[in-house]
Every structure is written in C-alpha cells, then in structure tokens.
Amino acid sequence: MSVDLSQFHQVFFEESYEGLDAMENGLLNMDMDDIDSEVINTIFRSAHSIKGGAGTFGFNQITGFTHVVETVLDEIRGGDRKMDQSLLDILLASVDCLRGLLQDLQSGDEPEMDTANELKAKFEAILSGQTEGSAPSSNGASDSGNSQSGNEDQNGSTPDGGGEGWFIRFIPEPQLLQSGNEPVRMFRQLEEVSEGKMDVKVFHDKMPTLSAMNPEHCYLSWEITIKKNVDRAQIDEVFEWVIDDAEVHIEPLVGTTLTEEPAPASPAEVEKPSDLVTSAAKEKVPEKADTKAAKKPPSSPQTQESSSIRVSIDKVDSLINMVGELVITQSMLGQLGQNFDISRIQRLQEGLAQLEHNTRELQESVMKIRMMPISFVFSRFPRLVRDTSRILNKKIELVMSGESTELDKTVMEKIGDPLVHLIRNSMDHGIETPDKRVANGKSETGTVKLTAYHQSGNIVIEIKDDGAGLNKEKILSKAIENGLITEDQTLTDEQVHDLIFQPGFSTADQVSDLSGRGVGMDVVRRNISALNGTVEVESFPGKGSSFIIRLPLTLAILDGQLVSVGDQTFIFPLVSIVESIQLEGRDLNNVGGYSDVLLLRDEYVPIIPLSGTFNLNVESKTLEESIIVVVETEGEKIGVVVDELMGQQQVVIKSLEENYKRIEGISGATILGDGTVALIIDISGLAKMAGVSIKHLDASTIAA
Amino acid sequence: MDAETLSLEGKSTIIRAEELHAKMEELLMGGVDVSVDLSAVEQIDTSALQLLLGFQRAFKEQDRKLQWVKPSETVLSAVKLTGLGPVLGMS
C-alpha cells in the first residue's frame, strides 16, 4: 500500500471529533436504569469508527485506548455490564481524553498518554471484575482466561507492545474467501513485514470430509508468530480488511506464554455480536475519505483547522443546476448580441432579467453552502452544564430549542466562546443553590434555556435562566467601588444592566473557577460586536434573566444604509442604526472639551461629523442642515453627521485588509452598482477614533 | 488402469474451486490411486489448498495412495506461507 494516507488525516480528525461529540451526547442522554439500545449502539459505533480510523492511519495510541473503551461499551450493550454513575464519569473522561489525544496528533505533537493510561488501567480493572481503584491488571493478562475473550479482541489490545514480536490468532469465518480476502496474500504481506521471521501454524481440525466441504468456504485457522519487532500498525494493516470476516487476536509476544495458548476456537463457536456494526463502520471510513479527498489539498496541521466544510450533496446539485441555467442564459444573450438591432430590445431586457434572476439564486445557494445548523455549537453545552452544575452543587437542567437554525460557519465558529461564557454566567450567577430556590418557592432544579431562531435576516440566540435575576443593588455598589460610576448618579435599569459589560466588572463575592474574575462579559460583548451583532440583557428580579444575542446570518453580506458625505458614499450596517433624524432646532449642546452632544429623549448622544473624522473635503454645512444617523455600539449611542441618506441595499463585503490595508473606522468595502467603491463604517472603531464615550458624558458633566 | 492423474493448471483459485471439487469427488469414487500434477499451477489460493488437503485426507482414510507431482514454485510458496507444508507433506 503506497497510498499517502496523510491526505485523509484531516477527514479522520473531523469525523473523530464528530464521533466524540456523538458519544458525549449519547452518554449524557443515557438513562442509566433503562438503557436505550439505540443510544448505546450509537456510542459504540462512534467509538468503533474512531478505533477503525485510527488503526488505518497508524495512530496506535488512539487504537489501543479506544479498544478498551469499546470493550466496556460492548459489554454494556450486550447487557453484561450495568451502567452506573462512576462508569459514566470514566467514559466521559475518556471522551475528553480522546479529544486531547486527537488534538495532539492533529497538531503533530506526540500525544500525552498519561491520562489515557490511567483511564485504561481503570477500564481494565473494571473489565477484569475488580472494583475501581484497586491495582490495575497488567496488560492482556486478564484476557486469555477470560470468558469474554470471544468478543474481546478485534483489532488489538496494546498500542506499544511488540518488543519481541507479535502473536496473532487468525480465525476466519467460513465466508472469508468469498469476500475476496485471501490468507495466502495476507501471509505474504506479513512475511514481507517480518522479513521472513514468521512462523505459521495451521489448524485444520474443523475441516469436514471432502464431500461435505463447500469449496468456497474457509475451514482453516492459523496462529502466526512474528519474531521481529515490527510496528503494530503494519500488522493491523494486513488484517484491516478481514476484521468483518474473521476473529483476529493480536498480542505482543511475551516470553513463552504462547505455548500455553489454547487452540483457537472454531469459527462456528465464535460469537460475533458486533458484526453488523463492524461492517457498517468499516465501510464508512474509506468511502468518506474518498469522496472528500479531492476537495482538500493537504496543508500544515495548524492551518487546517476549519479549512473544510461538509456540504450535503443536495446543495451542490442545486448549485450545478443553477450554473447550468446561468450558462444557458449567457449563451442566449450572446446569440442575441451577434446580430442585434433595436427591435430585439425586449428580448434583451428579458434576457437580462433572467440573468439577474439566475445570479440572485446562485448567490443565495452559495450562501447556503456556508450555512450550518447551530447544533454544531449547541451540542457541547449539555456536557458543560452537567459538569458545571456538579462543580457548583446546583441542580440545573438545560433546555435547548431551535438547534436546526442555520447560520454561517464563520459566525458559528466565533460565537461558541461567548455562548459558553454566558451559559456559565447564568449557571454561576443566575441560578440559585437548591435550598435557596426551595426557600423562594421555586423548584429545586433550575433551568437554563437556550433558544435560537431567525428573525428578519438575523439569528437570535437567547440564554434564559429562571434564577434570581441581576442584583441591581450589588451591581451598583460594585460599580461605585470600581469607580465605574459615582454614588450620586441615577441610572435606568437598562444602564445598570449595561454595567456588567464593562471591563473589569464582577459581582461575584468569591472568584471561582467559573466566573467572577471580571473578564468575560466585556469580552463577550466585544466578540459579538466584532460579528456585527448585539447583546442585550433583560432581568426580572427573582424570576430570572435572559441574554439576547442578535447576529447577522452571514459575514459575507451586509444589510447596509448608504449615506453620502461630499462626493463619497459610505455604508452603515443597518443593524446598528437606531434612527436617523434631521436636526432642525433640536437641543444641541457643546460640552466643554468634548464634541457636541444632542439631547435625544432625555439621553445625551455625542455627535461625530463623518467628514471631520475621515478628513473629507466637503463644503461645510451647518449641523442644522445635516442629517444625523444615530447608531448604537457596545451599548452606547452616537450620532454621526452625514450629508444625505441614500438607499438601503444588501452589499457584499470585500475585505479592505486583504485588498489594501487595515483602516481604522472602516470594516470593509463594497462595490456599488455603478462600479464605485463604497466604504463600510465600523461603528465602534469610528467611536474610538472620534474619542467619544458615554463614560465621559455622564449627567454631572453635562449639567455643569 | 491402476492410477489416474489430476492436473491443476494456471489459476487454481476460488473461481474454479467448484470445478476442482467435483473432479476430486469423481476421482475419489474411482477407487484408484491418484497423482496430482501441480507443475503448471501459476496461482493457487486457500480454497484450492484446502481442497488438496481434503482430497489427501480422504485418500488416507481409504488407505489409498495420493501423490503430489512436481509442485510449482507458486504452490510451494503458498503451502509454506499457510503453514500447510508438514500437513500436506509438501516442501
């Protein structure tokens, strides 16, 4: 086999991560008293696929470890072992451990095996019937005499043994030969690997008489001893394709124990409960690798992360379909242009309309390719809630809805961390301890609701808890303590809630592992703003609080408001615009040392002239003549002075950074219908540039 | 006639195993000693090797003589790889 397998590594990692997620989900959803066979099968299949894949690619650390996990799972599946809390914990820990190993391998590091070995020892202790905590049995020692050895070993038990060589028991099923596998060929391969240092012992006692023989069945079984320190992976490779049709036991060669091995059981006696799963999983690995390989040029492991996307074939088909239509329209237009006269103008217009239609559909479909269900992010939260509630000694239930809501992959990748923060925050600060809850007449178990849905071109994610709500007094006193506000300030509820997003703010009495260090909420808001999104808080004392995140569905397209300043056109993201007003005789104050401020419904809004900020040459208009676009960023409102409001339109965002360079206050550019370039305003950057912040503008300053 | 010859030629694999099996059974009925000519075998697989073993065993049971004639390199190598050398008495 001279195929370069490394090109498939990325696929393997991705699938393994998915498998681990599935395992984790299954484990968390498991009802321990009444195990659903579908759930345990899913978990088992995932583990098996990971093992199979790891074996194929020679990641023996993973294979070895997953094998014991699989063995335990198999026993649970078969009803031979009862699931309990401690076993569940170890299994979950194994999922984490495997994830760690995979990450190490992916980044090209030698995997850290300490945890894996520890867990493996625990599993082996469990398997050999000892209670957890007692000394782990040595490798493989419990295997030989064990009654389960029949379904024990399909692919091996030790990752790094084989110092002296390997002992292989190979017991084909009768149909082995019919599936195109040929022991002669396999043994030849083994002989090459072992450079001839191989002994083969054949067992033919199960062979019937000649007339009773089915000539296409295999009646022989073998014991093979390889007396050379070869890589386990090389051996696995030989048996890779027969594990569905044979029992394969591979053990490292240790001393003389071999001679005591009992003769291999006959194929008929060997129980193979995992047959179905094995074949299903086996088919999956190479097949998927094939279909995806073409799309993925190999690159360095670090940059490979998030470099691929899994797209359903339907979406691709519809794209091809549309491109086909586009080509037809184009050739139609081309023909029309060859001998064009004015009488055909109507057909030209029709053709152009068709072209527009095609282009729009194509654009929508391409966008859809990047859309993925948000369950990719949500799926990690049940685990998070489970673990965190244990640490906090609280009873918390996570309720999720709208997992199938789709959003752009890029947005999805960036929203994960803020969500983790907010959920932890709800659990730590929001939900009360069980006794407190009972005292307040609530049920012992708190609920955190995670909801996603689409609303007018945005995706809205809500994190809602039924805890105590934000503690206004505490926030205020902390804010005064931290010098964020002064004692004599009166703030609206909204402004108070907003304080939790200030850098360095924390109301936690004790800094815990989870939250309370005051790094977090400000970062959450910043991350969300960076995605052109907003986050709001609502709080009902004693009843709970909710965080509402609004995000654009995609980062590639923006709903924009076109404005003009002088001869330039700029674009404001529509989401951040609160309102646009003409000044005409409104309250305008000039605060000493600061810019102008506008009194807008009892709120002071600083005013930034766009022309001044970007040093544009424009005929100076008085403020009264201008239009002010009031925008909101990071909870602050600012008014931006522009000459004229133009239309609203969807614009395709082009990166300025990639095509030119980074400019403060500008988040990107787009090309308008007439071919001119318009810059897209980065609201928060603009506010920073102009040096405006509401913090400088508290009521006392203005009153003065 | 007190001996017959069974000749295996070319590819003696699972594809022709049924055919070989039938021939062997026929010869087994015949009641005479058999030489199996293996000199022209270009490819042999487990199914054929198994049949040879079954054939040999059946002869042994009936106390009849069966002998291998000039096994080709391919045969010898396959026999060795599968560990059947001592069993078949071929080396």
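The values are calculated or read from the model by the stated rules, or taken from the named source; none is laboratory data. Predicted, not measured: the structure shown is a model, and the values here were computed from it. In this analysis, Cβ positions are derived from the backbone assuming ideal geometry, glycine residues included, and neighbour counts consider all displayed protein chains.
Each residue in the stretch B:18-68 was checked for being touching a strand residue (DSSP E or B) at 6+ places or on another chain (Cβ under 8 Å) and among the hydrophobic types (A, V, I, L, M, F, W, C), and 16 pass. None of A:Gly129, A:Gly79, A:Gly108 is part of a loop (DSSP other than H, G, I, E, B), modelled with pLDDT under 85 and under 28 Å from the mean Cα position of the chain (by Cα) except A:Gly108.
Please find, among A:Met332, A:Met367, the residue that is in a helix (DSSP H, G or I) and touching a residue at least 60 places away in the same chain (Cβ under 8 Å). Only one candidate qualifies: A:Met367. Of all the numbered requirements in (1) in a helix (DSSP H, G or I); (2) touching a residue at least 60 places away in the same chain (Cβ under 8 Å), B:Arg16 misses one, and that requirement is (2). Scanning the stretch A:560-573 for residues that are surrounded by fewer than 18 Cβ atoms within 10 Å (Cβ to Cβ) and not hydroxyl-bearing (Ser, Thr, Tyr) returns A:Gly566, A:Asp567.
For the stretch A:165-208, the set of residues classified as more than 10 Å from chain B (Cβ to nearest Cβ), under 18 Å from B:Leu51 (Cα atoms) and surrounded by fewer than 19 Cβ atoms within 10 Å (Cβ to Cβ) consists of A:Pro174, A:Gln175, A:Asp205, A:Lys206, listed by residue number. Only residues that are within 25 Å of A:Met412 (Cβ to Cβ), at pLDDT 80 or above and surrounded by 14 or more Cβ atoms within 10 Å (Cβ to Cβ) were counted across the stretch A:449-493, and they come to 11. Picking from residues in the stretch A:21-38 that are among the hydrophobic types (A, V, I, L, M, F, W, C) and farther than 15 Å from A:Ser379 by Cβ, the one that is surrounded by the most Cβ atoms within 10 Å (Cβ to Cβ) is A:Met30. Restricting the stretch A:416-448 to residues that are in a helix (DSSP H, G or I) and β-branched (Val, Ile, Thr) leaves a set whose member that is surrounded by the most Cβ atoms within 10 Å (Cβ to Cβ) is A:Ile423.
Of all the numbered requirements in (1) of a type in the set (D, E, K, R); (2) modelled with pLDDT under 85; (3) over 30 Å from A:Pro434 (Cα atoms); (4) in a helix (DSSP H, G or I), A:Arg310 misses one, and that requirement is (4).
Inside the stretch B:63-88, residues that are in a loop (DSSP other than H, G, I, E, B), farther than 15 Å from B:Thr5 by Cβ and either facing another protein chain (nearest Cβ under 9 Å) or in contact (Cβ under 8 Å) with a residue 24 or more places away in the chain (or both) make up a count of 4. Checking B:Asp45 against (1) of a type in the set (Asp, Glu); (2) under 23 Å from A:Ser179 (Cα atoms); (3) surrounded by fewer than 17 Cβ atoms within 10 Å (Cβ to Cβ), which test does it fail? Answer for B:Asp45: the failing condition is (3). A:Asp89 meets each of the listed conditions (1) at pLDDT 85 or above; (2) more than 20 Å from A:Asp387 (Cβ to Cβ); (3) among the acidic types (Asp, Glu) apart from (2).
Residues of the stretch A:451-483 that are of a type outside the set (Ser, Thr, Tyr) and without any contact (Cβ under 8 Å) to a residue 24 or more places away in the chain: A:Glu473, A:Leu476, A:Ile480, A:Glu481, A:Asn482, A:Gly483. Restricting the search to helices (runs of 4 or more DSSP H) fully inside the stretch A:604-691 and requiring at least 2 residues that are in the same structural domain as A:Pro573 (by TED's automatic domain parsing) and closer than 25 Å to A:Thr554 by Cα gives A:656-659, A:683-690. Being part of a helix (DSSP H, G or I), over 27 Å from the mean Cα position of the chain (by Cα) and among the β-branched types (Val, Ile, Thr) is true of A:Val72.
Is there a residue in the stretch A:223-240 that is among the polar types (S, T, N, Q) and either facing another protein chain (nearest Cβ under 7 Å) or without any contact (Cβ under 8 Å) to a residue 40 or more places away in the chain (or both)? No, the stretch A:223-240 contains no residue that is among the polar types (S, T, N, Q) and either facing another protein chain (nearest Cβ under 7 Å) or without any contact (Cβ under 8 Å) to a residue 40 or more places away in the chain (or both). Screening the stretch B:36-62 for residues that are in a strand (DSSP E or B) and closer than 14 Å to B:Met24 by Cβ and picking the one that is nearest to the chain's Cα centre (by Cα) gives B:Val36.
Is it true that A:Glu216 is of a type in the set (D, E, K, R) and more than 8 Å from chain B (Cβ to nearest Cβ)? So A:Glu216 does not fit the description; no.
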